[in-house]
Amino acid sequence: MKYLDLSVSDEVVSQIVELTSFKNMKENPMANYSCVPSLVFDKSISPFMRKGEVGDWKNHFTAEQSKLFDEDYEKQMKDVDIPFRTLI
């Protein structure tokens, strides 16, 4: 907001923080894709928003799958002017 030279009350900031929490967004059909037809996004396979835990993918990808993903991502993004990061 400072960048845009705007200001709002602390109450509005608190509401924004609450409404954009993982818990609230997971329950919001506009954010969790529950309003998208199953033909387009089958939530029975995996919900769009799972746990909200950083790094949980490591519990689902093998080391080989992670390596293949990183290689493919780097290949797909090579012409995009965004630096490729392997560590966060």
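The values are calculated or read from the model by the stated rules, or taken from the named source; none is laboratory data. The shown structure was predicted, so the numbers you read here are calculated from the model rather than taken from an experiment. So basically every Cβ, Gly included, is an ideal-geometry build from the backbone, and we count neighbours across all protein chains shown. To get the accessible areas, we keep the full protein, side chains included, count just its heavy atoms, and leave off ligands, DNA and RNA. Shrake-Rupley method; radii C 1.70, N 1.55, O 1.52, S 1.80 Å.
In table form, for the structure just shown:
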read-out: Looking only at segment 12-62, and only at residues there that are among the hydroxyl-bearing types (S, T, Y) and more than 17 Å from the chain's Cα centre (by Cα), the one that is farthest from M1 (Cα to Cα); value: T62
read-out: Any helices (runs of 4 or more DSSP H) falling wholly within the chain and containing at least 3 residues that are out of contact with any Asp or Glu (no Cβ under 8 Å at 6 or more places or on another chain), without any contact (Cβ under 8 Å) to a residue 12 or more places away in the chain and open to solvent by less than 90 Å² (accessible area, probe 1.4 Å); value: 10-19, 63-76
